[in-house]
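First comes the structure, then the notes that go with it.
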Amino acid sequence: MIYQGHIVDVLAHEIFDGALVVEDKRIVAIKREKLPEREKPYPYIMPGFIDSHVHIESSMMVPHEFARIAVSHGTIGVVADPHEIANVLGVEGVNFMIRSGHLAQFNFCFGAPSCVPALGGEIETSGATIDADDIEHLIARDDIGFLAEMMNYPGVLSGDKEVMRKIEVAKRYGKPVDGHAPGLTGQLRERYAAAGITTDHECSTLEEGLSCIKAGMKVIIREGCAAKNYESLSPLIRDYPEQVMLCTDDCHPEDFVREHINAIVKRALADGYDLWNILQAACINPQQHYHLNWGLLQEGDPATFIMVDDIGPKFKVLNTIIQGMEVFNYNSSSLAMYAQLTTSAFKGDGLDYPNNFAATPLTEDDIFYKIKPGDTEHIIHAIDGSLTTGHDVVHVTGSLFSETYPWLEVQKIVVYNRYKKGAKPNIGLVRGFGITHGAIAGSVAHDCHNIVAIGSNDTYIVRAINRIIEMEGGLVVESADEENDIPLPIAGVMAPLTGHELAFRTMIMREKVQSIGCTMKAPFITMAFMALSVIPDLKITDRYLLDTKNMQIIE
């Protein structure tokens, strides 16, 4: 097969006219030659983009469906942390993701989840545990490429034996160790890096990014659905192009069907950053850092590349080729259908709907929360577009739910252990969602994925939680006159649906959430992160309200 066009050589920093000769899934020759005249413009042929840190589960798609959407955006591979499903199912969940990935003509580099659960069972309840012995077995496998984000940074800094053993295993096998240490700078950052941790995708300020680079780490610039750090960190593309990569971390279906890493590349081009620096971050650095050979458009490389109509900020992906197979063609969607995307693809290929769900229904009495004058209440202050939260301390002089109280948006948040029958729900307070007449709930709650719900009164909250239990996982919006939901039967976090169907259904759900007063752009994602115990400042698990900045339990 011969592909003609303007060849973008990312290693030589050169664009020239020529042809690629592809045989047996590899580029056997690259010829410089004058292109024959024709009416239709020739495409630019270039390496494909790589998402350097993503939790596929957050798309609610199984990996082979995620791949079908990704290739339409010029993404040829992802560095994926199956941390979410691992918290539900352990190693079984990791194996499910790998099996599903085999159904797609796509490049997956899966990691061994390092923190399952994130901070240990005394803080929150997960569905499974992955200890250092499990990590040893996973890291030794050829289909595991790295130790996934070490979010227990207090354990690293204190030299926790179990944590350090996991890191040492990865180092012994020569596999990279990903980091997760929001807000860490100076000597603490240097100590964290010195343990053998080589990346961080949690930097939200330029100071943090520079601190990482100074410590010898690579910064993975994140522009996802809930956390958006490109604007703060993009100068690193100009100043330290060999030390940065790009990622989405968590991408919701509604956004993912529209764009992926290509959106970050376009934005960087529009901001005037050098093309070669951008492609260094989007294409080269991930392959070099994770020891991947997915193709950089050189002779002998895998025949994996994309064709675009332009190299300006408004470029369009025309074709995606992976190992010699055209998996996306802008003018022919049928060519992208290289995997069966119905439930038969699961059953026929040995995939099922693994889950871990034992919660029993609640009553309104179960979520009673008494507040009286004189109490001191700690309120989670949710911020749209951010994983971090504020920590508001309020000395109650009247009822928080009184019409005379100035913060009418303060509401209950409930986190309910879904892995144990008869568990007691944990109840706290949150502001920022603005729900006035209804409730939302989900079994997607990072990282342990217990049930989380927020609402304007107990009736709505309980109804929403009980619907999640009935479905054994999903998302729910409750209002006075109707109930809308999306079942997620695969570990309570994914569905056997196409990406576009999920996008449509989540769009409808977002409209329903807006109809009950919430104006957040990503309400379910933001709610899911209210339970993430390794992100500051105040979070709630199924067991405790936690000051995550100082790692202290609030009684």
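Counting only protein heavy atoms and a probe of 1.4 Å, the accessible surface of the stretch 80-145 is 46% carbon and sulfur.
Summing Lys and Arg as +1 and Asp and Glu as -1 over all other residues whose Cβ lies under 12 Å from the Cβ of His73 gives a net charge of +1. Rolling a 1.4 Å probe over the protein heavy atoms leaves Tyr153 with an accessible area of roughly 30 Å². For the stretch 444-469 and the stretch 15-82, what is the centre-to-centre distance using only Cα atoms, to the nearest Å? So the two Cα centres are separated by 40 Å.
The residues of the chain expose, per residue, 38 Å² of accessible area to a 1.4 Å probe. Among the protein heavy atoms, those of Cys251 account for about 10 Å² of accessible surface (1.4 Å probe, every chain in place).
What's the carbon and sulfur percent of the stretch 173-271's accessible surface, probe 1.4 angstrom, rounded to a whole number? After summing per-atom areas, the C and S share lands at 45 percent.
In order along the stretch 247-261, the phi-based Karplus estimate (6.51 cos²θ - 1.76 cosθ + 1.60, θ = phi - 60°) of 3J(HN,Hα) comes to 7, 10, 6, 10, 10, 7, x, 4, 7, 5, 5, 8, 6, 8, 4 Hz; Gly and Pro are listed as x. When the Cα positions of Ala181, Phe146, Met164 are compared along the charge dipole of the stretch 99-188, Phe146 comes out farthest toward the positive end, with charges on each C-beta of Lys, Arg, Asp and Glu. About the centre of its Cα atoms, the stretch 7-102 shows a dipole size close to 320 debye [charges on the beta carbon of Lys, Arg (+1) and Asp, Glu (-1) only; nearest 20 debye]. Computed from backbone phi with θ = phi - 60° and the Karplus coefficients 6.51, -1.76 and 1.60, the 3J(HN,Hα) list for the stretch 490-505 is 8, 6, x, 10, 9, 10, x, 10, 6, x, 6, 5, 4, 4, 5, 5 Hz; x is used for glycine and proline. Amide hydrogen proximity for His6: with H placed 1.01 Å from N in the peptide plane, the residues at 5 or more positions away or on another chain lying under 5 Å are Tyr44, Ile45. Charge dipole of the chain (Cα centre as origin; +1 on each Lys and Arg Cβ, -1 on each Asp and Glu Cβ, all else neutral): 380 debye, rounded to the nearest 20.
With every protein chain in place and a 1.4 angstrom probe, the accessible-area ranking of Leu89, Leu538, largest first, reads Leu89, Leu538.
Stokes-Einstein D for the stretch 465-530 at 10 °C, 1.306 mPa s, Kirkwood Rh over Cα pairs, in µm²/s? It comes out at roughly 128 µm²/s. Only protein heavy atoms count here; on that basis, with a 1.4 Å probe, Met46 has an accessible area of about 10 Å². Stokes-Einstein diffusion of the chain at 4 °C, 1.567 mPa s viscosity, Kirkwood radius from Cα pairs, rounded to a whole number: 54 µm²/s.
Think of the stretch 128-282 as having a plus end and a minus end, set by charges on the Cβ of Lys, Arg, Asp and Glu; of Ile237, His260, Gly155, Ile237 sits farthest toward the positive end of this dipole. When all protein chains stay in place and ligands, DNA and RNA are ignored, the 1.4 Å accessible-area order of Glu202, Glu364, largest first, is Glu364, Glu202.
A cut-off under 10 angstrom between Cβ atoms defines the neighbours of Pro536, and their net charge, with Lys, Arg +1 and Asp, Glu -1, is 0. Every Cα-Cα pair of the stretch 217-304 was included, and the share exceeding 15 Å stands at 59 percent. Could you work out the relative contact order of the chain? I mean the mean sequence separation of Cα pairs under 8 Å and 6+ apart, divided by the number of residues, in percent. Averaging sequence separation for qualifying contacts and normalising by length gives 15 percent for the chain. For the residues Asp301, Asp142, Asp366, a 1.4 Å probe over the protein chains yields an accessible-area ranking, largest first, of Asp142, Asp366, Asp301. Count Lys and Arg as plus one, Asp and Glu as minus one, and take only other residues whose Cβ is under 13 Å from that of Pro361; the net charge is then -1. Amide H to amide H distances under 5 Å link Ala303 with Arg26, Ile27, Gln323, Gly324, where only residues 5 or more positions off or on other chains count and H is placed in the peptide plane. What fraction of the DSSP beta bridges in the chain is antiparallel, stated in percent and rounded to the nearest 5? Within the chain, antiparallel bridges account for around 70 percent of the total. Heavy-atom surface analysis with a 1.4 Å probe gives the stretch 435-480 a carbon and sulfur content of 45 percent of its accessible area. Per-residue Karplus couplings for the stretch 10-25, computed as 6.51 cos²θ - 1.76 cosθ + 1.60 with θ equal to phi - 60°, are listed in order as 6, 7, 8, 6, 9, 10, 9, 7, x, 9, 9, 10, 10, 9, 6, 6 Hz, Gly and Pro entered as x.
Relative to the 2.2 N^0.38 Å rule of thumb, the stretch 128-181 has a C-alpha radius of gyration ratio of 1.05.
The values are calculated or read from the model by the stated rules, or taken from the named source; none is laboratory data. On a predicted model such as this, the values are computed, not experimentally measured, just so you know. Note that each Cβ is placed from the backbone with ideal geometry, even for glycine, and that neighbours are counted across all protein chains shown. The area values use the complete protein model at the heavy-atom level, side chains included, leaving out ligands, DNA and RNA. Shrake-Rupley method; radii C 1.70, N 1.55, O 1.52, S 1.80 Å.
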